[in-house]
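Trainee: Please see the structure below; I have some questions.
Please treat every number below as a calculation from the coordinates, not as lab data. Predicted, not measured: the structure shown is a model, and the values here were computed from it. Because the Cβ atoms are built from the backbone with ideal geometry, glycine has one as well, and the counts that use them run over all protein chains shown.
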Amino acid sequence: MVKYIIKRLLLLIPILLGVSAIIFALKTVTPGDPARQILGNDATEEQVEAKRQELGLNDPVIVQYVRYIAGVVHGDFGTSYRTGEPVLSEIAPRLLTSAKITLGAVAIGAFLGILLGILSALKKYTWVDSVVLVISMFFQSVPEFVVALVLIMIFAVKLHVLPATGIDTPLGYIMPMLCVGLSSVAGYTRITRSSMLEVLGEDYIRTARAKGQTENNITYHHALRNAMIPVAQSVGTSLGNSIGGGMVLETVFGVPGVGKYIVDSITQRNYPSVLGGALIIAIALTVINLIVDISFVMIDPRLKTTIISGSARKKAKKAQAAA
């Protein structure tokens, strides 16, 4: 198990190198001059050239890339062109904000999706099943920014119960969480429904019915526990997707999260902030996926057996080759 964790952590290295290389490549073909963006249109060419020299923009791209990676290895994700502050210190509070919204959104999506999935499985092939599937697919089909605008229109403009933008109060988190959470309801519903239907058809469920146990006891004490393993895997995936996919919503709701920080940095040609934000998100996604995978082993011991047996097979092959 320890070797598995170390192997997954080592995979973080090519991921970060790939993300940084792609952004550096895009930077070279993106129109606009960061030095001109910083100094403004009134700056002279001499001033712009001096600023480019100061920022190291005149160096070859490979040199800039190697210099940046060397800084990341030492915990330096660059310095913002706009503020002169370390990117890591600017992103840290924003990452906490994005994490709060992500956790709340996943909780909302999982709660609604699991309830609808259980209801759909218990009422399979009835009008209730059809209504549940239509509702869940509706939220998946409608773009998140459209849902965001509708929520703002209803709760902020018409009812005046929630703020339209900002997170100055805890109420400001509700609409972003709800908007992101609703988009994942369909996935949770489908996974819960299919998993429940599969488990309800198992032999031990039929045995429980034959022994005279009630349907509620069978559903909640036997079927649901085993059906939640695929759902738990889906929750882990949603955590990663929500962190990386909240840029548009954070912009719409004016939330000072990592997504909005990256979007603002792109418009300002603030490449260290863009690159630092992307790398930190990549690190967060990798760590989350690792934690989720480890939790799967704790939930389902069969996965631990698979990992151990796989390691044992590799050792056996090496022994045979040595012999």
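Trainee: With +1 assigned to the C-beta of every Lys and Arg and -1 to the C-beta of every Asp and Glu, and no other charges, what is the dipole magnitude of the chain about the Cα centre in debye, to the nearest 20? Please report the intermediate quantities before stating the final value.
Mentor: Values: 29 positive and 21 negative charges, 367 e Å.
Roughly 1760 debye, rounded to the nearest 20.
Trainee: Let me ask something additional. Rounding to the nearest 10 and keeping the result within 0 to 90°, find how far the Cα-based axis of helix 174-183 lies from the longest principal axis of the chain.
Mentor: Compared with the principal axis, the helix lies near 60 degrees.
Trainee: So which of Lys158/Lys260; Lys124/Lys158; Lys123/Lys158 end up more than 28 Å apart by C-alpha? Could the numbers behind the result be given before it?
Mentor: Numbers: Lys158/Lys260 26 Å; Lys124/Lys158 38 Å; Lys123/Lys158 36 Å.
Pairs exceeding the cut-off: Lys124/Lys158; Lys123/Lys158.
Trainee: Mind giving me the nanometre distance, one decimal, between the label points for Val134 and Leu39, set 7 Å out from Cα along Cα→Cβ?
Mentor: The modelled label-to-label distance comes out at 6.3 nm.
Trainee: By how many degrees, 0 to 90 and rounded to 10, does the Cα axis of helix 258-267 deviate from the longest principal axis of the chain?
Mentor: Helix 258-267 and the main axis of the chain meet at about 40 degrees.
Trainee: Can you check how the C-alpha radius of gyration of segment 132-213 compares to 2.2 N^0.38 Å, as a plain ratio? Please report the intermediate quantities before stating the final value.
Mentor: On the way: Rg = 19.3 Å, N = 82, 2.2 N^0.38 = 11.7 Å.
So the Cα radius of gyration is 1.64 times the expected 2.2 N^0.38 Å.
Trainee: On C-alpha positions alone, give me the angle between the axis of helix 87-122 and the longest principal axis of the chain, in degrees, nearest 10.
Mentor: Orientation of helix 87-122: about 20 degrees from the principal axis.
Trainee: Something else now. For the chain, just the Cα atoms, rotate onto the principal axes and tell me the three extents in Å, largest first.
Mentor: 87, 77, 30
Trainee: Between Rg and the Kirkwood Rh of segment 87-267, both from Cα atoms, what is the Rg to Rh ratio?
Mentor: Result: Rg/Rh = 1.08.
Trainee: Sort the following peptides by mean Cβ neighbour count (other Cβ atoms within 10 Å, averaged over residues), highest first: 247-260, 189-202.
Mentor: Details: 247-260: 21.6, 189-202: 19.8.
Order by mean packing, descending: 247-260, 189-202.
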